[in-house]
1. From the list Leu88, Leu22, pick out the single residue that is surrounded by 20 or more Cβ atoms within 10 Å (Cβ to Cβ), at pLDDT 95 or above and assigned to a helix (DSSP H, G or I).
2. Which of the residues spanning segment 73-82 are surrounded by fewer than 22 Cβ atoms within 10 Å (Cβ to Cβ) and either closer than 19 Å to Arg41 by Cβ or touching a Gly at 6+ places or on another chain (Cβ under 8 Å) (or both)?
3. If I ask for residues that are among the hydrophobic types (A, V, I, L, M, F, W, C) and open to solvent by 30 Å² or more (accessible area, probe 1.4 Å), which ones from segment 1-13 would you list?
4. Going by what's in this entry, would Glu16 be described as among the charged types (D, E, K, R), surrounded by fewer than 15 Cβ atoms within 10 Å (Cβ to Cβ) and at pLDDT 95 or above?
5. Can you tell me how many residues in segment 30-72 are open to solvent by less than 70 Å² (accessible area, probe 1.4 Å), under 23 Å from Asp103 (Cβ atoms) and acidic (Asp, Glu)?
6. I'm told Val82 meets every condition in (1) in contact (Cβ under 8 Å) with a residue 60 or more places away in the chain; (2) assigned to a loop (DSSP other than H, G, I, E, B) except one. Can you identify the failing condition by its number?
7. Kindly provide the set of residues from segment 93-146 that are open to solvent by 60 Å² or more (accessible area, probe 1.4 Å) and either touching a Cys at 6+ places or on another chain (Cβ under 8 Å) or assigned to a strand (DSSP E or B) (or both), ordered by number.
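The values are calculated or read from the model by the stated rules, or taken from the named source; none is laboratory data. Keep in mind it's a predicted model, so treat the numbers as computed, not measured. Cβ atoms come from the backbone with ideal geometry, glycine included; neighbour counts cover every protein chain shown. Side chains included, ligands, DNA and RNA excluded: accessible areas come from the protein's heavy atoms. Shrake-Rupley method; radii C 1.70, N 1.55, O 1.52, S 1.80 Å.
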Amino acid sequence: MAELWFYHLEQASVDEALPELLTKLLARGGRAVVASQDEARLEALDAHLWTFRDDAFLPHGRDSEPQASRQPVLLSTETRNVNGASMLFLLDATPIEIETLADWDRVVAMFEARDEGGVSWARELWSAARKGDAEVSYWRQNDQGRWEKKA
């Protein structure tokens, strides 16, 4: 079963934190699916990942586009592993069945502290994962913006 990591965003937004995490993954030769059921979020991310830094961009595509399976980062409304990704990033309280964690090396559930629905979703997912014997960990950003494992 995959590792399930919870990223609690208290200082940064998803738009700030996600590109950096994806950049690190791609530098290691990994691939990702970024799942959200919020179509507006996916549209905004589609534009943002091309321009999030002046000196870099993240190659990516949408699962509805031709050759989606070739994309190193795939933006999707579903949690299917279309592009042979090792990591799944869950945004906006996207549901996932605990049994499907086996399809991934790591699943990252990202939620912002100011989003009460997202915090509630993360708590429920944590509880379900623990009952299902998944390996879970909880990460928060410190005052310097570095991620620290808290549980």
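1. Numbers: Leu88 fails: assigned to a helix (DSSP H, G or I).
Criteria check complete, one pass: Leu22.
2. Of the residues in segment 73-82, the ones surrounded by fewer than 22 Cβ atoms within 10 Å (Cβ to Cβ) are 77-82.
Hits for segment 73-82 are Thr77, Glu78, Thr79, Arg80, Val82.
3. In the first step, residues of segment 1-13 are kept if they are among the hydrophobic types (A, V, I, L, M, F, W, C); the result is 1-2, 4-6, 9, 12.
Met1, Trp5 - these are the residues of segment 1-13 that are among the hydrophobic types (A, V, I, L, M, F, W, C) and open to solvent by 30 Å² or more (accessible area, probe 1.4 Å).
4. No.
5. 2
6. Only one criterion in (1) in contact (Cβ under 8 Å) with a residue 60 or more places away in the chain; (2) assigned to a loop (DSSP other than H, G, I, E, B) is unmet by Val82, namely (1).
7. Filtering segment 93-146 for residues open to solvent by 60 Å² or more (accessible area, probe 1.4 Å) gives 95, 97, 99, 102-103, 105, 114-116, 123-124, 126, 130-131, 133, 135, 140, 143-144, 146.
Correct list: Glu135, Arg140.
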